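Structure record follows, encoded as structure tokens.
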Amino acid sequence: MQRTAEAVSLGHPDKVADYISSYILDRLIEQDPQVKYAVEVLIKDNNVVLGGEIASTTTLNNATEYVKCALAEIGYDNRYADIWGKYAIEPDKIKIINMIGIQSPEISQGVDNNGWGDQGVFVGYACQGEGKINRELFLARKLNKALYDKARSSRNLGIDIKTQITLNDDKIETAIVAIPMLHEEDLTDFVISVLGERPEHIIVNGTGRYTYHSSIADCGITGRKLACDFYSTACPIGGGSPWTKDASKADLTLNVYARILACENLVDNDECFVYLSSCIGRRELSSGLIKTIKNGVVSYRDLWCNQIPQKLIQYLGLDKPVYTELCKKGISGIFPK
């Protein structure tokens, strides 16, 4: 049976958008740990649109600086611009369109009473194997990270990278790579060394040429790479984008919590799924369920959670500026403490 998963690098424009939002949130948390934040990002060419709501004791006067710093951490700095020129984003030409308003006081009144800042359904997943994720996703990410690390120090390879792995009966049938190149470079041996076996098919840059990349070639928007950040096709995606909100909104907190619970309850089962749901303004979770699968046998167990949101946020360390690190890992890259 064929199984396929995809991974993208931080240099992909959608992940750039995720990272910018996470970076801004980290900087605001450093100044105001109680900040309430929900900011989407769109990046096209050298233009960045910030749209959403913030409630904070601090201001966003340094938005342009934050965006440029986030881009530099990803690898889109002046050195990169000197190498790639018109083919990629140029940080010195960045223009910011700020469309951020103030969070609704009706949301605040629920959060201030120790309730969740949004309603939603959340799903955590774990399975046996490296990283406690499905093997095709693990390999797609492993190859992607290796290529990204290689590209960061290269003067020929770009950092806007996609990788895709197809397994057939657990053997690697196809490895697909999209990576910018100024000049053709044979990556066959590198791909094989990273994967630890020779795929039946290796495809690098299926169109034959890939130079224009980043937001010059594609519009990046927050929340469009959730299948890569979560569990690919192994499990439904729960909640909204976890990279654009503070922890009170639940989209990050309860997805992280569900992943941790799934890892903790995997034990000797083949797979574990954790399903949670929240109600805006309420502390108690509306529902909770643990499903495990072992040798094809499915078992269910109810889960009741009445943790005060702020206590859970503190326990998970989400009241600190950790959002860019989480954005790098993805939800399924998170493990129990």
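Name the single residue that is surrounded by the fewest Cβ atoms within 10 Å (Cβ to Cβ) among those in the stretch 227-263 being under 30 Å from N46 (Cβ atoms) and small (G, A, S). The residue in question is A227. Restricting L50, L71, L10, L28 to residues that are in a loop (DSSP other than H, G, I, E, B) and of a type in the set (A, V, I, L, M, F, W, C) narrows the list to L10. Kindly establish whether E173 is over 17 Å from D229 (Cα atoms), in contact with a His (Cβ under 8 Å, 6 or more places away or on another chain) and surrounded by fewer than 18 Cβ atoms within 10 Å (Cβ to Cβ). It is true that E173 is over 17 Å from D229 (Cα atoms), in contact with a His (Cβ under 8 Å, 6 or more places away or on another chain) and surrounded by fewer than 18 Cβ atoms within 10 Å (Cβ to Cβ).
Conditions tested, residue by residue: (1) buried (at least 19 other Cβ atoms within 10 Å of the Cβ); (2) modelled with pLDDT of 95 or more; (3) of a type outside the set (A, V, I, L, M); (4) in contact with a Cys (Cβ under 8 Å, 6 or more places away or on another chain).
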site: W84; (1), (2), (3), (4): yes, yes, yes, no
site: I89; (1), (2), (3), (4): yes, yes, no, no
site: I100; (1), (2), (3), (4): no, no, no, no
site: E106; (1), (2), (3), (4): no, no, yes, no
site: D112; (1), (2), (3), (4): no, no, yes, no
site: G131; (1), (2), (3), (4): no, yes, yes, no
site: E136; (1), (2), (3), (4): yes, yes, yes, no
site: A146; (1), (2), (3), (4): no, yes, no, no
site: S153; (1), (2), (3), (4): no, yes, yes, no
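For the stretch 53-65, the set of residues classified as among the hydroxyl-bearing types (S, T, Y), part of a loop (DSSP other than H, G, I, E, B) and in contact (Cβ under 8 Å) with a residue 24 or more places away in the chain consists of S56, T57, T58, listed by residue number. Candidates in the stretch 256-273 are the residues that are charged (D, E, K, R) and outside any strand (DSSP E or B); of these, the one that is nearest to I313 (Cα to Cα) is R259. F273: among the aromatic types (F, W, Y), within 21 Å of the chain's Cα centre (by Cα) and either surrounded by fewer than 18 Cβ atoms within 10 Å (Cβ to Cβ) or more than 30 Å from P321 (Cβ to Cβ) (or both), yes or no? For F273, the condition - among the aromatic types (F, W, Y), within 21 Å of the chain's Cα centre (by Cα) and either surrounded by fewer than 18 Cβ atoms within 10 Å (Cβ to Cβ) or more than 30 Å from P321 (Cβ to Cβ) (or both) - is met. Does D26 count as acidic (D, E) and either farther than 16 Å from D319 by Cα or modelled with pLDDT under 95 (or both)? Criteria not met by D26.
Please tell me if I74 is surrounded by 15 or more Cβ atoms within 10 Å (Cβ to Cβ), within 23 Å of G11 (Cα to Cα) and β-branched (V, I, T).
Working: surrounded by 15 or more Cβ atoms within 10 Å (Cβ to Cβ): yes; within 23 Å of G11 (Cα to Cα): yes; β-branched (V, I, T): yes.
When the stated conditions are applied, I74 passes them.
For the stretch 299-312, the criterion of being more than 19 Å from Y125 (Cβ to Cβ), at pLDDT 90 or above and in contact with a strand residue (DSSP E or B) (Cβ under 8 Å, 6 or more places away or on another chain) is satisfied by at least one residue.
The set of residues in the stretch 289-332 being buried (at least 16 other Cβ atoms within 10 Å of the Cβ) and among the small types (G, A, S) consists of G330, S332. Residues in the stretch 191-226 that are surrounded by fewer than 16 Cβ atoms within 10 Å (Cβ to Cβ) and not in a loop (DSSP other than H, G, I, E, B) were compared, and the one that is farthest from the chain's Cα centre (by Cα) is H201. Taking the criterion of being over 29 Å from I293 (Cα atoms), free of Cβ contacts under 8 Å to residues at least 12 places away in the same chain and either assigned to a strand (DSSP E or B) or among the polar types (S, T, N, Q) (or both), would at least one residue in the stretch 145-165 satisfy it? Within the stretch 145-165 (the criterion being over 29 Å from I293 (Cα atoms), free of Cβ contacts under 8 Å to residues at least 12 places away in the same chain and either assigned to a strand (DSSP E or B) or among the polar types (S, T, N, Q) (or both)), the answer is yes, since at least one residue qualifies.
Taking I20 as the residue in question, decide whether it is aliphatic (A, V, I, L, M), under 19 Å from the mean Cα position of the chain (by Cα) and not in a strand (DSSP E or B).
Values: aliphatic (A, V, I, L, M): yes; under 19 Å from the mean Cα position of the chain (by Cα): yes; not in a strand (DSSP E or B): yes.
Here the answer is yes, as I20 does meet what is asked.
The values are calculated or read from the model by the stated rules, or taken from the named source; none is laboratory data. Fair warning: this is a prediction, and the values are worked out from it, not measured in the lab. Cβ coordinates were reconstructed from backbone atoms using ideal geometry, including for glycine residues, and neighbour counts include every protein chain displayed.
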